[in-house]
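To keep things clear, I will list the structure first and then write my remarks on it.
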Amino acid sequence: MNWQRVFTITRKDIKEVASTGQIIAPMVIIPLVLIGIIPAIAIVSLRFSETGTISLLKAIEKLPPTLMQQLAGYTGNQKAIYFITVYILASFFLIIPIMVSTLISANSFAGEKERKTLEGILYTPITDLELITGKVLASFIPAMAISLLSFFVYSVVVNALAYPVFMTIYFPTFNWWILMLWLVPTVSFLVISLVVLISAKVRGYQEANSIAGAIVLPIVLVTIGQVTGVMYLSAKIILLTGLLFLVADALLLRFITKSFHRDRLIVYIR
Amino acid sequence: MKNIAIEACHISKSFGNIAALDDISFSIQKGDVFGLLGPNGAGKTTAVRLLNGLIKPTEIETISILGLDLQKNIQDIRQRVGVLTDTNLYERLSAIDNLLIFGMLYGLSHKESSQRAEHLLEQFELSDRASSKVETFSKGMKQKLSIARALISDPEIVYLDEPTAGLDPEASHELLQYIIKVSSDSSKTFFITSHRLEEMESICDTVAILDRGRIKAFGSPHDLVNQVFKDHWVTVTLGNGTRLNISLLKLELSFVQDIEQSNNEVKIKVDDRASIPKLIRYLGKLDTDIYSIAEDVPNLQDAYLAIVKEK
């Protein structure tokens, strides 16, 4: 693997995306809403609304005993805020990289085919694996950068707004570190690879985006549901889940490379 | 074999039931400028894609590039060739970025790519627009930049698919001069497809005429013309109302084979080129208003049209 060629493709794709307002705007707005506005509203309303806290505590009582143990020792208001910020909003951190990366990766091959720029690259000595890896990284790196930045902003927002309730910095928890540094990257890589595969098979960006939405969305929803559940579990299980995703990543990348045929790509470039 | 840059033997390519290339064979010497000529849909771009391993042939005996088997050594071959087809540049990136990307994809370091890119931009008179986004370029400037991109790795073989398309006559002329200069200064081989026959005749060492997937003629432009046009014709322009006595001409000049007279123009077919001076001497002695006597010299375009129209 020639990494110079891989990163040349990655840099080129990121530069192109950075010059497109249509893609940049949702990449800024979505994280801002998910990690700034929604958590702020949730914390402030729980701090000042007793009814909200009471109804949330009723819901918490129905949760598994392991979770109840983790919340033991907190006051009612603390329990409600902790539950929302640590468990429920965790799924947002899967939505962010997946949304961001889908915007870029749908554009990867399909956008190049649409703009008739891909054929030039196919004549160079770049291998299929290098080209695909470059394309996947072009979505993965910005997605991770935005996720980690969002994680930092979220930590500041949560701790700042909840400080009067907890009188200490309680976020991020250990499981959150594992979520952000292990599970989010492996899940995102899988989704990106899948969208890149779709992008290579279709004719244009809109088609790639529609199919990606139809195929990726159910996977995202299932994964998000599972992640909310996984956050209740031990760090070991989260690590293991991430490992399973890592294996799936490697298998999918291998499949994409095997099923990648330059001559079939050319059929669409007419 | 050492001096052969490209050799293709019995290559066919079909898309469904349509034969894009039908059993073509040819070889091109290193350092030659080769022109593949043909009407739209003749299979020229398919040939370029096939010779670069981008599409696979339906049937093949061999394709050898720089002495290497194409199918077994595709990566090595790609490293040594540069290609321009009907592809677009990255419009949102600058001219220099477009060249740097390709330099680095060909394995040049950032420094080498920069030096080479700057040199090419200067050569194609685009230095002052190096940092401008390509979307602000004219069609001609884009075409020049695309050609520079094909040359970024200093390749041994350069494929140029319709390189002068979109260029004004001056820019076309400059490009052709550049090709002539590069091919004579170095051992680069140029494989050019074009419709512009006059241009091709002036720069190509060898041409092939491709029509409906088959190579109809192959050779130097001069040889090709001679293959098609074996007859020698002379056109005589007369004064208004003046006519030549055709019967007398035929009777007195045994080398005259045919005469066609229309208005004030007479076309005379002679048996050999060496007979033309004799004809001119004879016509000079006549008491007739003759304005001009000219040998009809067919060019590549005439040969091309004759070959392509031949069913």
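The convex hull around the C-alpha trace of segment B:75-137, projected and averaged over every direction, spans 4.6 square nanometres. Which of B:R80, B:R49, B:R243 ends up with the largest GNM mean-square fluctuation for chain B, with Cα atoms connected below 10 Å? Of B:R80, B:R49, B:R243, the Gaussian network model singles out B:R243 as fluctuating most. Under a model in which nothing but the beta-carbon of Lys, Arg (+1) and Asp, Glu (-1) is charged, segment B:4-227 shows a dipole of about 600 debye around its Cα centre.
Distance from the C-alpha centroid of segment B:232-304 to that of segment B:80-139: 55 Å, rounded to the whole angstrom. In this structure segment A:55-175 gives 35 Å² per residue of accessible area when probed at 1.4 Å with all protein chains present. Accessible surface buried by the B/A pair amounts to about 2900 Å², both sides summed, 1.4 Å probe. Both the radius of gyration and Dmax for the protein assembly as shown are 34.8, 128 Å, in that order, over alpha-carbon atoms.
For segment A:35-110, what relative contact order do you get, as a whole percent, if you take Cα pairs closer than 8 Å and at least 6 residues apart? List each step's numbers first, then the result.
On the way: 25 pairs, mean separation 26.1, N = 76.
After rounding, I find 34 percent.
Determine the share of segment B:13-70's accessible area contributed by carbon and sulfur atoms, expressed in whole percent, with a 1.4 angstrom probe. With neighbouring chains kept in place, the figure for segment B:13-70 is 44 percent. Toward the positive end of the charge dipole of the protein assembly as shown, with +1 on the Cβ of Lys and Arg and -1 on the Cβ of Asp and Glu, the farthest Cα among B:L66, B:P221, A:I178 is that of A:I178. Let me test this: with uniform point scatterers at the alpha carbons of chain A, what is the Debye-based log₁₀ I(q)/I(0) at q = 0.07, 0.10, 0.14 1/Å? Log-scaled intensity ratios, in q order: -0.29, -0.56, -0.95. Accessible surface of B:H195, taken over heavy atoms with a 1.4 Å probe and every protein chain present, rounds to 80 Å². Across peptide B:145-154, the mean count of Cβ atoms from other chains lying within 10 Å of each residue's own Cβ comes to 1. Subtracting the Cα-Cα distance of B:K56 and B:N226 from their residue separation scaled by 0.36 nm leaves 57.7 nm. Subtracting the Cα-Cα distance of A:A40 and A:R203 from their residue separation scaled by 0.36 nm leaves 54.5 nm. Of the residues B:I77, B:N98, B:H119, the one whose Cα sits farthest towards the positive end of the charge dipole of chain B is B:I77 (charges of +1 on Lys and Arg Cβ, -1 on Asp and Glu Cβ, taken about the Cα centre).
Label separation (A:F255 vs B:S109): 4.2 nm, computed from points 7 Å beyond Cα along the C-beta direction. If one takes the longest principal axis of the Cα atoms in chain A, at what angle in degrees, from 0 to 90 and to the nearest 10, does the Cα axis of helix A:128-166 lie? Between the helix axis and the principal axis of chain A, the angle is about 20 degrees.
Using a simple charge model, +1 on the beta-carbon of Lys and Arg, -1 on the beta-carbon of Asp and Glu, nothing else, what dipole does segment A:42-139 show about its Cα centre, in debye to the nearest 20?
Working: 8 positive and 7 negative charges, 75 e Å.
My answer is approximately 360 debye.
Its residue count N fixes a reference of 2.2 N^0.38 Å for chain B, and the Cα radius of gyration divided by that reference is 1.26. Relative to the Cα centre, the charge distribution of the protein assembly as shown, modelled as +1 at Lys and Arg Cβ and -1 at Asp and Glu Cβ, gives a dipole magnitude of about 2280 debye.
With the simple spin-label model, which puts each label point 7 Å out from Cα in the Cβ direction, the B:N17 to B:Q177 separation comes to 5.2 nm. In segment A:3-268, taking the dipole from charged Cβ atoms about the Cα centre, the farthest positive-side position among A:I81, A:T241, A:I41 is held by A:T241.
The values are calculated or read from the model by the stated rules, or taken from the named source; none is laboratory data. This one's a predicted model, so the numbers in the text were calculated from it and none came from an experiment. Note: ideal-geometry Cβ built from the backbone for every residue, glycine included; neighbour counts use all protein chains shown. Quick note on the areas: whole protein, heavy atoms, side chains included, nothing else; ligands and nucleic acids left out. Shrake-Rupley method; radii C 1.70, N 1.55, O 1.52, S 1.80 Å.
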